[in-house]
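*Asks:* Have a look at the structure that comes next, please.
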């Protein structure tokens, strides 16, 4: 056992863990951060998009030396059927601003940089060390962690669990349940390397401009899921993910979905001639507000993916992770500076701060969305995309049919597929879930 | 007892890339590791220390980023780490490298206590020369024990060491006086996982950084590119194999026959050679 005692132990060095460790160390607390990977980010799989605002709150001048890929000037949404996509495309030169709002990043590089800031702030970062379990005292209070190294017991006033979506540590310690299959998506991703100029011409970008394509529709074969394509400097991240429960039900495999997505006539030309250097898979929390577990207890708080904090409608996760990590750290700092013990009651401050932030407000707004898309996945991911594609084709194809006829055909196809009642029902349910 | 282990930070061989134009190994952006052979040297040194007492100092020469490798050596349990880093050292071949390392070992001896053994791996995976270890030993006037597979006995009072050395014909059992230089063979031990105490102190430790001057290098012209007589005449990368996998349909025949026919069809010369060979029996 290690004699030395820490103010806080942070388990994990992803976005949430780094934000927590950075903030705690910055506030002068004695922090030990433990990461199982070879270095921070070495186990990370995210796409990834970085949201500047949340990072700026901690490291205002991060743009000076953080490894950023491209700042996003454009967002494309694709509703896909087998041979087509109907797109919504937003691009604005306003995003070519001095302090851009969103960037593509490569997490293996970014997290390493973030970790160097954590160390500069004064935290001790131990990599290649796995926390096996939480140590509790006779009253069930968390008092430290046990690692896989010899003599690996370390004690602290509070343990910040930033262990990621699986949250094995928390489940093992009975702090929460293992995520349910309908509340997590399994996503797979490949990194395709191409020369910079090729990427810029294929995506219509200049300099460090970047773009993101998010795609839904028949690519997920009726399951609730989404594909994504992110343009990095010299690589393209392409991936797709669906709910684990849907994979269970259909017997589809993630890699097969990704192969099909890559072969789609709208996607294939973007990737042509590229060299695949990496492939990876990971779980993503998708359960939203209703799946968020207990966030604090005696001697512990949970942040980021481990707390299922992910806004799947807006594809935001890392900023929720960062914010929850930072707020947990601020709460711990406040309790500490009042010289109060790290009891559940005192740490409930973290929950209050989180409830007050955009994190819980956003999750609450979409709390019914996961249920809706999950139960109705066939309609939202298979039927509607096909109908929309047919309607668009009908609209643009010029073949001598009077326009009145064309509109009738389109309308009929919708009613035939979903019935009037179904269409109205879906519209109302969707509007409600969005509200 | 004081042991110095020389390690080198090398590109991870699993993720190596060759520059398409210059044919040299691209070190930028490629993950680095401790030269795998050096880990056997480090572990052997740590075992001797654990058994006989004393200290292990890890030493490397390289860019500031080589600190990562030294920190890892500390995590395994080395007592201190010294990084020899200076722009004067850049571009060194094995002659210049061993000159600089020998100076550093001398300085380490003067600063932290006389050095009894210098360990290195048998060679590095990026240079493959196996020259630096013996070069260091020669300059220090240490006895040289290369390709050692086992340290059999160490007599600190009697100042001698027995080792097994693998040679082409078999195994030699050698006795040498101390101080000596040992280059360690691969597969001779298994590198440990440092304890929690090791890992914590490694995370906190400061790696000692020495410039050429700090290390007491006497003749700077023997360092780096200036001190390197090696001239690379030409570098070429192996041509990637152009053969493609072929799918063989047995079509009702025994699969092995179909396979052999297909191979002979693709490699007619192989068939002739085989017959030639068969005639000899």
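*Asks:* Based on this model, can you work out whether residue B:30 counts as in a helix (DSSP H, G or I) and assigned by TED's automatic domain parsing to the domain that holds residue B:197?
*Replies:* Working: in a helix (DSSP H, G or I): no; assigned by TED's automatic domain parsing to the domain that holds residue B:197: yes.
Here the answer is no, as residue B:30 does not meet what is asked.
*Asks:* In segment A:198-231, what residues are over 19 Å from the mean Cα position of the chain (by Cα), in a strand (DSSP E or B) and at pLDDT below 95?
*Replies:* Answer for segment A:198-231, where residues must be over 19 Å from the mean Cα position of the chain (by Cα), in a strand (DSSP E or B) and at pLDDT below 95: just A:217.
*Asks:* Taking the residues in segment A:110-133 that are assigned to a helix (DSSP H, G or I) and within 12 Å of another protein chain (Cβ to nearest Cβ) as candidates, determine which candidate is surrounded by the fewest Cβ atoms within 10 Å (Cβ to Cβ).
*Replies:* A:116
*Asks:* I need every pair where a residue in segment B:196-216 that is assigned by TED's automatic domain parsing to the domain that holds residue B:74 has its Cβ under 7 Å from the Cβ of a residue that is exposed (fewer than 15 other Cβ atoms within 10 Å of the Cβ), sequence separation at least 6 or different chains.
*Replies:* Final answer for the pair search is B:196/A:150; B:196/A:151; B:197/A:151.
*Asks:* Could you run through segment A:149-177 and say how many residues are exposed (fewer than 15 other Cβ atoms within 10 Å of the Cβ) and more than 26 Å from residue A:343 (Cβ to Cβ)?
*Replies:* Matching residues across segment A:149-177 total 2.
*Asks:* Somewhere in segment B:164-183, is a residue more than 21 Å from the chain's Cα centre (by Cα), free of Cβ contacts under 8 Å to residues at least 40 places away in the same chain and within 14 Å of chain A (Cβ to nearest Cβ)?
*Replies:* no
*Asks:* Within the group B:84, B:95, B:70, which residue is in contact (Cβ under 8 Å) with a residue 40 or more places away in the chain and either outside the structural domain of residue B:183 (by TED's automatic domain parsing) or out of contact with any strand residue (DSSP E or B) (no Cβ under 9 Å at 6 or more places or on another chain) (or both)?
*Replies:* Details: B:84 fails: either outside the structural domain of residue B:183 (by TED's automatic domain parsing) or out of contact with any strand residue (DSSP E or B) (no Cβ under 9 Å at 6 or more places or on another chain) (or both); B:70 fails: either outside the structural domain of residue B:183 (by TED's automatic domain parsing) or out of contact with any strand residue (DSSP E or B) (no Cβ under 9 Å at 6 or more places or on another chain) (or both).
Testing whether each residue is in contact (Cβ under 8 Å) with a residue 40 or more places away in the chain and either outside the structural domain of residue B:183 (by TED's automatic domain parsing) or out of contact with any strand residue (DSSP E or B) (no Cβ under 9 Å at 6 or more places or on another chain) (or both) leaves just B:95.
*Asks:* Also: For the structure I just gave you, tell me whether residue B:227 is at pLDDT below 95, buried (at least 19 other Cβ atoms within 10 Å of the Cβ) and not assigned by TED's automatic domain parsing to the domain that holds residue B:87.
*Replies:* yes
*Asks:* Just for segment A:398-435: of the residues that are over 33 Å from the mean Cα position of the chain (by Cα) and outside any helix (DSSP H, G or I), which one is nearest to residue A:314 (Cα to Cα)?
*Replies:* Result: A:398.
*Asks:* Quickly run through segment A:77-109 and pick out the residues that are under 20 Å from residue A:34 (Cβ atoms) and away from chain B (no Cβ under 14 Å).
*Replies:* Scanning segment A:77-109 gives a single hit, A:107.
*Asks:* Right, something else. Inspect all residues belonging to segment A:178-185 and state whether any of them is in contact with a strand residue (DSSP E or B) (Cβ under 8 Å, 6 or more places away or on another chain), within 14 Å of chain B (Cβ to nearest Cβ) and buried (at least 21 other Cβ atoms within 10 Å of the Cβ).
*Replies:* For segment A:178-185, residues in contact with a strand residue (DSSP E or B) (Cβ under 8 Å, 6 or more places away or on another chain), within 14 Å of chain B (Cβ to nearest Cβ) and buried (at least 21 other Cβ atoms within 10 Å of the Cβ): absent.
*Asks:* Right, something else. Determine whether residue B:250 is part of a loop (DSSP other than H, G, I, E, B), within 14 Å of chain A (Cβ to nearest Cβ) and over 30 Å from residue A:147 (Cβ atoms). So that I can check it myself, show each step before the final result.
*Replies:* On the way: part of a loop (DSSP other than H, G, I, E, B): yes; within 14 Å of chain A (Cβ to nearest Cβ): no; over 30 Å from residue A:147 (Cβ atoms): yes.
Judged against the criteria, residue B:250 is not a match.
*Asks:* Do we find that residue A:81 is over 22 Å from the mean Cα position of the chain (by Cα), surrounded by fewer than 22 Cβ atoms within 10 Å (Cβ to Cβ) and under 23 Å from residue A:241 (Cα atoms) in this structure?
*Replies:* Taking the combined requirement at face value, the residue satisfies it.
*Asks:* Continuing with this model, one more query. Would you check which residues across segment A:142-175 are within 14 Å of chain B (Cβ to nearest Cβ) and either modelled with pLDDT under 95 or not in a strand (DSSP E or B) (or both) and list them?
*Replies:* A:148, A:149, A:150, A:151, A:152
*Asks:* What's the number of the only condition in (1) in a strand (DSSP E or B); (2) at pLDDT below 95; (3) surrounded by 20 or more Cβ atoms within 10 Å (Cβ to Cβ) that residue A:88 fails to meet?
*Replies:* (3)
*Asks:* Out of curiosity, is residue A:229 within 14 Å of chain B (Cβ to nearest Cβ) and touching a strand residue (DSSP E or B) at 6+ places or on another chain (Cβ under 9 Å)?
*Replies:* No: the conditions fail for residue A:229.
*Asks:* Another question, then. Out of all the residues in segment A:342-382, which are out of contact with any strand residue (DSSP E or B) (no Cβ under 6 Å at 6 or more places or on another chain), in contact (Cβ under 8 Å) with a residue 40 or more places away in the chain and not in a helix (DSSP H, G or I)?
*Replies:* Hits for segment A:342-382 are A:343, A:366, A:367, A:368, A:376.
*Asks:* Is it the case that residue A:189 is within 14 Å of chain B (Cβ to nearest Cβ) and assigned to a strand (DSSP E or B)?
*Replies:* Numbers: within 14 Å of chain B (Cβ to nearest Cβ): no; assigned to a strand (DSSP E or B): yes.
It is false that residue A:189 is within 14 Å of chain B (Cβ to nearest Cβ) and assigned to a strand (DSSP E or B).
*Asks:* Follow-up question, since we're still on this one. Answer yes or no: is there a residue in segment B:55-65 that is at pLDDT below 95, over 26 Å from residue B:103 (Cβ atoms) and in a loop (DSSP other than H, G, I, E, B). Working first, answer last.
*Replies:* Residues of segment B:55-65 that are at pLDDT below 95, as a first pass: B:62-65.
From what's left, over 26 Å from residue B:103 (Cβ atoms): none.
No: segment B:55-65 contains no residue that is at pLDDT below 95, over 26 Å from residue B:103 (Cβ atoms) and in a loop (DSSP other than H, G, I, E, B).
*Asks:* Of the numbered conditions (1) out of contact with any strand residue (DSSP E or B) (no Cβ under 9 Å at 6 or more places or on another chain); (2) in contact (Cβ under 8 Å) with a residue 40 or more places away in the chain; (3) away from chain B (no Cβ under 14 Å); (4) surrounded by fewer than 16 Cβ atoms within 10 Å (Cβ to Cβ), residue A:138 satisfies every one except a single condition; which is it?
*Replies:* The number of the failed condition is (2).
*Asks:* Could you list all residues from segment B:192-224 that are within 15 Å of residue B:70 (Cβ to Cβ), within 14 Å of another protein chain (Cβ to nearest Cβ), in contact with a helix residue (DSSP H, G or I) (Cβ under 9 Å, 6 or more places away or on another chain) and surrounded by fewer than 18 Cβ atoms within 10 Å (Cβ to Cβ)?
*Replies:* Of everything in segment B:192-224, those that are within 15 Å of residue B:70 (Cβ to Cβ), within 14 Å of another protein chain (Cβ to nearest Cβ), in contact with a helix residue (DSSP H, G or I) (Cβ under 9 Å, 6 or more places away or on another chain) and surrounded by fewer than 18 Cβ atoms within 10 Å (Cβ to Cβ) turn out to be B:201, B:205.
*Asks:* Okay, moving on. In this structure, is residue B:50 free of Cβ contacts under 8 Å to residues at least 40 places away in the same chain and under 19 Å from residue B:197 (Cα atoms)?
*Replies:* It is true that residue B:50 is free of Cβ contacts under 8 Å to residues at least 40 places away in the same chain and under 19 Å from residue B:197 (Cα atoms).
*Asks:* Given the conditions (1) under 26 Å from residue A:114 (Cα atoms); (2) surrounded by 16 or more Cβ atoms within 10 Å (Cβ to Cβ); (3) out of contact with any strand residue (DSSP E or B) (no Cβ under 6 Å at 6 or more places or on another chain), report the number of the one that residue A:328 does not fulfil.
*Replies:* (3) is the only condition that residue A:328 fails.
*Asks:* May I ask you to verify whether residue B:78 is more than 17 Å from the chain's Cα centre (by Cα) and in contact (Cβ under 8 Å) with a residue 24 or more places away in the chain? Break it down into steps so the answer makes sense when it comes.
*Replies:* Working: more than 17 Å from the chain's Cα centre (by Cα): yes; in contact (Cβ under 8 Å) with a residue 24 or more places away in the chain: yes.
Yes: the conditions hold for residue B:78.
*Asks:* So which residues in segment B:8-42 are in contact (Cβ under 8 Å) with a residue 40 or more places away in the chain, touching a helix residue (DSSP H, G or I) at 6+ places or on another chain (Cβ under 9 Å) and surrounded by fewer than 20 Cβ atoms within 10 Å (Cβ to Cβ)?
*Replies:* Result: B:13, B:36.
The values are calculated or read from the model by the stated rules, or taken from the named source; none is laboratory data. Note that this is a predicted model, so its numbers are computed, not measured. We place every Cβ from the backbone using ideal geometry, glycine too, and count neighbours over all the protein chains shown.
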